[in-house]
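The values are calculated or read from the model by the stated rules, or taken from the named source; none is laboratory data. Only a predicted model underlies this, so the values are computations on that prediction, with no experimental measurement involved. With ideal geometry, Cβ positions are generated from the backbone for all residues, glycine too; neighbour counts draw on all protein chains shown. Protein only, heavy atoms only, side chains kept; ligands, DNA and RNA dropped before computing areas. Shrake-Rupley method; radii C 1.70, N 1.55, O 1.52, S 1.80 Å.
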Amino acid sequence: MALRTTVGTRRYIVNRVVQTLIIWFLIVTLNFIIFRIMPGDPRASIIEQGMPPELRQAIVERFGLDKTLLEQYVLYIVALFQGDMGFSFSHFTEPVWETIFGFRFTNTFVLMGASMLVAIIIGMVMGVVAAARRGSKIDTGSTVVFLVAYSMPVFWIGLLILLYLGFNFGLIPLAGTITRGVEHANFIEYAADYLHHMIGPWIVLTLSFIGGFYLIMRDSVLDVFTQDYILAAEAKGLKERTILYGHAMRNAMLPMISVIAVNMPFLISGATMTEFVFSWSGLGLLTYDSVLAADYPVLQGVFLFLATITVISNFIADMLYLRLDPRITY
Amino acid sequence: MASSKPILEVKNLKKWFPVRSGFFSFFGEQRYVKAVDDVSFEVPEGGSICIVGESGCGKTTLARTILRLVEPTGGEVYFEGENIYDKTRGELAELRLQMQLIFQNPFEVLDPRLTIETLVGEGLHIHNLEEDPQVVRERVFKALEAVRLVPARNFASRYTHELSGGQLQRVAIARSLIFEPKLVIADEPVSMLDASIRTEVMNLMTDLQKDFGHTYIFITHDLAQARYIGDFCIVMYLGRIAEMGPMETVILDPIHPYTKALVSNIPVPDPTEQRDRIFLEGETPTPIDLPEGCRFKPRCQAYSDTYCKPEEPNLIEVSPGHWVACYAP
Amino acid sequence: MAILEVENLKTHYYIGDKPVYAVDDVSFTIDRNETLGLAGESGCGKTTTAYSILRILPANGKIVEGSVKLDGEDLVTKSMEEMRKIRWKKASIVFQYAMNAFNPVLRIGRQIVEVIQEKEGGSEQAAALTVAGLFEEVGLEPSRIDDYPHEFSGGMLQRAIIAQALSCDPRLIIADEPVTALDVIVQNKILDLLRKLQAKYNLAVLFITHDLSVVAENCTQVGIMYAGNLMELGSATSVFKESLHPYTYKLIGAFPSVTGPKRRLEFIPGTPPNLMKPPPGCTFHPRCPYAQDICSKELPKFEEISNGHYARCHFAGQLEFGGEE
Ligand SMILES: Nc1ncnc2c1ncn2[C@@H]1O[C@H](COP(=O)(O)OP(=O)(O)O)[C@@H](O)[C@H]1O
Ligand SMILES: Nc1ncnc2c1ncn2[C@@H]1O[C@H](COP(=O)(O)OP(=O)(O)O)[C@@H](O)[C@H]1O
Ligand SMILES: [Mg+2]
Ligand SMILES: [Mg+2]
C-alpha cells in the first residue's frame, strides 16, 4: 500500500517535516537554557580547592565558561551541528558524543529494541486474544498477570531475578554486559556472552513494558468490537481469525501507535533502573552516573537525545497514521 | 397566507462556511460551503410555513442564521420590522425570547439531572422574568397542561428518563411556550418520533397555535409530513429556494423540475397506487464549487440552451403567492 | 417450498436473568422472488428477528423456541461453525448504516474479495473480477473497487453493500432498514435496484423498515409487528386495504401521503410496552380503542382469517374500522 500522494498530502508531509524541525530547534534551545539556570556550579565538580589560579583559569577557558551566554549559545548550536556536544566532565574529558553514542547507545539500543519488540508483539496478541474472550479465564488471568508485572517496581523484579536466576541458580551473570577478562575467540562467542548477560535486564524490561501495551490493545480492540463493521464481518461468516487479525487488530493498532510514540522517552528513561540493577552500561546508567557527578554536558546530551527521539517518533507515528488510516487525507 | 403583515422578513440571506484547507495554505482562493445562498421570504403573522428539502440543503443553517445563532455572511432579517443584525447583545437576548427554537432531538436540550418542572421553568429564572416561585410553578403547570401532559403535577416531579420520546418533545415545546413567543422555529420536531406518536405531536402543535397565536416555521425533510403541518411551503435545493407557495399547490401541482422530482419520489402508504417517478441523475452534492448559472442544471431534465440563461434564476411569481426559480416555461 | 420458514420464533435477551421478550412467537414464510416487508415501530423486535435468522445475536440474546428453516434446513439447531459457513453463502444481510458496515481502513473491493474467497475459494484475481462485475451490476464504476469507504457517498455505499450481499449467490437477502438513512430520491434508486436484482436472481427478500409507505411500494407480502409479536401477515394489498388488526389500521392511517385529498391522520395514544414486562393478554390492548375484557386476559392466537391473511386479534374480521370517535 503506497502513501496516497495527493497534493494535499504531500503538502501535509512537508509541513510536518518543517514543524518537526522547528520543534526540535526549540528543544535544543530549551536544553541550553535549562542547563544554564540550573542550581549548582558546574565548575565546582572539576575545579578543586587549592588548584593554582592559572589552572583554574585554563579550565574555565577550556570549557568556554568565561564567555557571555549569547556567545555560549551560538557556539553550542554551531558545535552541535558538527556533532560536537562538548566534553564530559567526569569521563576524563571524553567527547560527549563518544560518551553517548559509543558503546552505551548500542547497549541501550539492543536491550530496548529486544524488549520493546517482544513486549509489543506479546502485548498486542494477548490483548487481542483477551478482548476476543472477554471475561474468560484467559482474559482475567492475563489481565491480572500483566497488571501485576506492570505495577511492580522495576528494581524489585530486577533484584528478584538477580537473586534467583543469578545468585541462587547461577543461570545468568550478576552484572555487566560481557564477562570481564575473557578473550572471545570469535564474534559468535562474543555475541553469546553478550546475550547471556542481557537475559536478566531483558526479562525485566519486557515484563514492565508488556502490561501497558496489553492493556491499551485490549481496550481498543474491545472498542472496535462495538463497531458495526465487526458485526457485519460476523454476518459475512468470516473466520474468527480473519475478523480478529484482519479487521479488529488493524483498526485497534491506530491508538497503539500514538501511545508508543508519546511514551518513547519514558520507555527509554525507564530503563535507568534496570540498567542500574544489572550494571548494564547503557544510557540509563550513564544518566544516573552523570547526575551524581553533575556531569552537565553529558546530561545535556542525553536530554537532547531523548527529545530528538520523541520528536522523531511522533513524526513517524503521524506518517504511520497517514499510511494506516485512509480517512486521513490533507 | 393567514394575514398580510409579515412578522419575519428574510432578505437576501447568505451563510457561507469557509472550507478548511489546512494551515500553511496561503495560496489558492478560499472556497466556501454555500449552506444558505441568497434566500428571501416573508412569514405572515399567525402563519405556519414549512421549509422542506433534502438533508444538507441548508434548512438548519437557515434557522440558526435567522435566530442569529450564527452570524450571516450577508443579508438582513427583520423581526417585526427591525433588523436583528443591528441589535446589540442585550437587545438580542430579549428578542430571542420572542423567537424560540425547538430541536429534533429533545434529549440534546433536556438535562437528565433536572426535573421536568425545573426544565420548563428555569428559563423564567434565567431571564429574570419571574421571581415568585409560586407564580413560576403555576406557569409551569399551565404550560404542561397546554402540551397535554396532565395531570401536570404528576409530570412536574419526574425526570426525563421516565418519559417517552413523544412526551419529551412536548416538554421541549412547553419549555419554549412558557415565554409566550411570537415565532417558533421547529427544526424537524417529529422526525425522531415513531409514526404512531408523530401525528399526536403535530396536532398538538397546530392546536397550540390556535391558543397562543404564535407563528410557526417548521423545518422537515419529509414533504408528506410538511403537508400536514404547514400552510405555506418553501422548497430548498443546495442553499437556495427552488419553489415556494401555498402547501397544496406546491405538493399537488409543483412547477420547478426539482420539486416535481422530489414529490414524485415520496413513497405513498398505499400498495395499489401506481405512480410515475422522475429520476434524477446522481446525488445531491455539497454546495461547494457550484456550477455557473442554475445550480440544478447538472441534474435537470428540463434544462435547455434555448431558454435557460447563464445566470442564476430568480424567483418569479407564477400565480398569486406561488414563486418558482426556473427558466423553463 | 418456501425458501425461508420461520415458525413460532421466540428470541429473548437477558438482563441479569430477567428476560426481554424481544421476539415472541413470530411465524412467516418467504418464497423465491417474494419480498416480505416486516414493519413496526422502533423496538418492536424487527432487528432481533433478522439477527435470529442469521444467528448473529449479541451474547445476551437467545433463541428460546421455534425454528428457522432456510431451504428446508433448520438453522436453530446448527453449530456455530456450520452457521458460519451458511452465512452469506445462503443468506446475506444489508444493514441500515452503510457507512459503518465496511471497515473504514480497508478498500471496499478488498473486503468483498475477502468474503468471496472465504465462501467460494478461488484466486484473488477471479474474485476481483466477480466484484468488478457486481459493481457494474449495481451501477458503480468498476474502477472504484480500490476506493476506501469514506470516498463513497451514502448512495454509492449502499450500492456497494448490495453488491457485497449478492457476491456469494445467496437465496435470501435480509435488508434491515436499508434506506432509512438516505434521502428519498436516492432511496428510490436503491429500492429499484434491489427489486431489479431480486427478479434477476430469484431472491427471497426480508425487508425490514419502520416506514409503511416504503413497505407499500416495495413489498408483495407484509408483516406488522408490535411489542415482539407479529400482529398481522398477508399480501400487501390485503393488509393495507382490508386490515384485520386495529394496530395495523391505526399505524397505516398515521402515515401522511402527498397524493389524493388530505385526510385526517391517525395516531395511537400511549406508548409501546416495556418488553421486560409486557402487558397480559394482547400486548396492544392498553392502546387499543376496541379492547374488551378478554383482550387483557387472553393472548389471542395468530390465526388465518382469510386465505393467506393472518392476524393476532380476538376480534379479527369482526371490526369495522374508521367509524370510531
Ligand atoms: N458549522 C458548519 N461548518 C461547515 N459547514 C457546515 C456547517 N454547518 C452546516 N454545514 C454545511 O452546510 C450545508 C447545510 O447544512 P444544514 O443546514 O445542516 O442542512 P440541513 O439542515 O438542510 O440538513 C451542509 O453541506 C453542511 O455540511
Ligand atoms: N442486547 C440487548 N439486550 C437487551 N435488550 C435488547 C438488546 N437488543 C435489543 N433489545 C431490546 O429488544 C427489543 C427489540 O429490539 P430490536 O429488535 O432492535 O427492535 P427494532 O429493530 O424493531 O427496532 C427492544 O425493546 C430493545 O430494547
Ligand atoms: Mg438539519
Ligand atoms: Mg432495528
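Across the options C:Phe240, A:Met273, B:Val147, the greatest Cα extent toward the positive end of the charge dipole of the protein assembly as shown (unit charges at beta carbon of Lys, Arg, Asp, Glu) belongs to A:Met273. For the protein assembly as shown, the residue among B:Ala261, A:Ala149, B:Leu223 whose Cα projects farthest onto the positive side of the dipole built from Cβ charges is A:Ala149. Farthest toward the positive end of the dipole of the range C:16-118, out of C:Phe95, C:Ala59, C:Val113, is the Cα of C:Val113, where the dipole comes from beta carbon charges about the Cα centre. Over the range C:135-275, Cα pairs under 8 Å with separation of 6+ residues give a relative contact order of 15 percent.
The alpha carbon gyration tensor of the range C:136-181 gives principal lengths a ≥ b ≥ c with a/c of 1.5 or higher and a/b no greater than b/c, which makes the shape oblate.
Taken residue by residue and averaged, Cβ atoms of other chains lying within 10 Å of the Cβ of B:163-172 number 1.
Would you mind giving the average projected area, over all directions, of the Cα convex hull of chain B in nm² with one decimal? Mind showing how you got there, number by number?
Details: hull surface 80.7 nm².
The Cα convex hull of chain B, projected and averaged over all directions, gives 20.2 nm².
With a cut-off of 8 Å between alpha carbons and a minimum separation of six or more residues, what is the relative contact order of chain B in percent?
20 percent
Magnitude of the charge dipole for the protein assembly as shown, about its Cα centre and with charges confined to Cβ atoms of Lys, Arg (+1) and Asp, Glu (-1), is about 1060 debye.
How would A:Met264, A:Met256 rank on accessible area, largest to smallest, probe 1.4 Å? Before the final figure, lay out each step's value.
On the way: A:Met264 45, A:Met256 5 Å².
The ordering from most to least exposed comes out as A:Met264, A:Met256.
Quick one: which of B:6-14, C:228-236 comes out on top by average Cβ neighbours within 10 Å, and what's the full order, highest first? Don't jump to the answer; show the numbers that get you there.
Numbers: B:6-14: 18.8, C:228-236: 25.0.
Sorting B:6-14, C:228-236 by mean packing, highest first, produces C:228-236, B:6-14.
If R0 equals 41 Å, the separation of the Cβ atoms of B:Asp276 and C:Ser67 corresponds to a calculated FRET efficiency of about 0.45. Counting charges near A:Gly176 (Lys, Arg +1; Asp, Glu -1) among other residues having Cβ under 14 Å from its Cβ returns a value of 0. Going by accessible surface with a 1.4 Å probe and the largest first, B:Asp253, A:Asp289, A:Asp325 read B:Asp253, A:Asp289, A:Asp325. Please find the FRET efficiency linking C:Asp74 to C:Lys297, where r is the Cβ-Cβ separation and R0 is fixed at 51 Å, and quote it to the nearest 0.05. About 0.90, to the nearest 0.05.
Here the relative contact order of the range C:243-325, from alpha carbon pairs under 8 Å that lie six or more residues apart, stands at 27 percent. Based on the alpha-carbon gyration tensor of the range C:251-316 and its eigenvalue square roots a ≥ b ≥ c, which shape applies: rounded if a/c is under 1.5, prolate if not and a/b is larger than b/c, or oblate? Oblate shape, in that a/c is at least 1.5 and b/c is the bigger or equal ratio.
For the peptides C:119-129, B:254-264, B:289-299, B:114-124, residues were scored by their other Cβ atoms within 10 Å and the scores averaged per peptide; the highest-first order is B:254-264, B:114-124, B:289-299, C:119-129. Legend: residue pairs A:Lys137/C:Lys69; C:Lys46/C:Lys78; C:Lys18/C:Lys90, Cα-Cα distance threshold 32 Å; pairs beyond threshold, A:Lys137/C:Lys69; C:Lys18/C:Lys90. Only protein heavy atoms count here; under a 1.4 Å probe, A:Trp24 has an accessible surface of about 60 Å². Note on B:Leu129 and B:Glu94: their simple-model spin labels are 1.4 nm apart, each label 7 Å out from Cα toward Cβ. Here the simple spin-label model places points 7 Å from the Cα toward Cβ, and for B:Asn203 and A:Ala79 these points are separated by 8.9 nm.
To the nearest 10, the accessible area of A:Tyr245 is 90 Å² with a 1.4 Å probe. The alpha carbon gyration tensor of chain A gives principal lengths a ≥ b ≥ c with a/c of 1.5 or higher and a/b no greater than b/c, which makes the shape oblate.
Going by accessible area, probe 1.4 Å, with all protein chains left in place, what is the ranking of C:Arg87, C:Arg32, largest first?
Numbers: C:Arg87 10, C:Arg32 115 Å².
The ranking, largest first, comes out as C:Arg32, C:Arg87.
Chain A contacts chain C over a buried accessible area of about 2100 Å², both sides summed; the probe is 1.4 Å and only protein chains count.
Return the average number of partner chain Cβ atoms within 10 angstrom of each residue Cβ along peptide C:178-188.
On the way: counts 0, 1, 0, 1, 3, 10, 12, 15, 6, 3, 8.
Mean number of neighbouring Cβ atoms from other chains: 5.
Using helices alone, I'd like the mean residue ellipticity at 222 nm for chain C: each DSSP H run of four-plus residues gives -39500 (n - 2.57), total over residue count, nearest 500. The partial results should precede the final answer.
Numbers: 10 runs with 99 residues, N = 325.
Here the helix-only value at 222 nm equals -9000 deg cm²/dmol.
Beta bridges assigned by DSSP with both partners in the protein assembly as shown are antiparallel in approximately 60 percent of cases. Any chance you could check the Cα centroid distance between the range C:65-124 and the range C:139-176 for me, in angstrom? Their Cα centres are 14 Å away from one another.
Taken about its Cα centre, chain A carries a charge dipole of roughly 1380 debye when the Cβ of each Lys and Arg holds +1 and the Cβ of each Asp and Glu holds -1.
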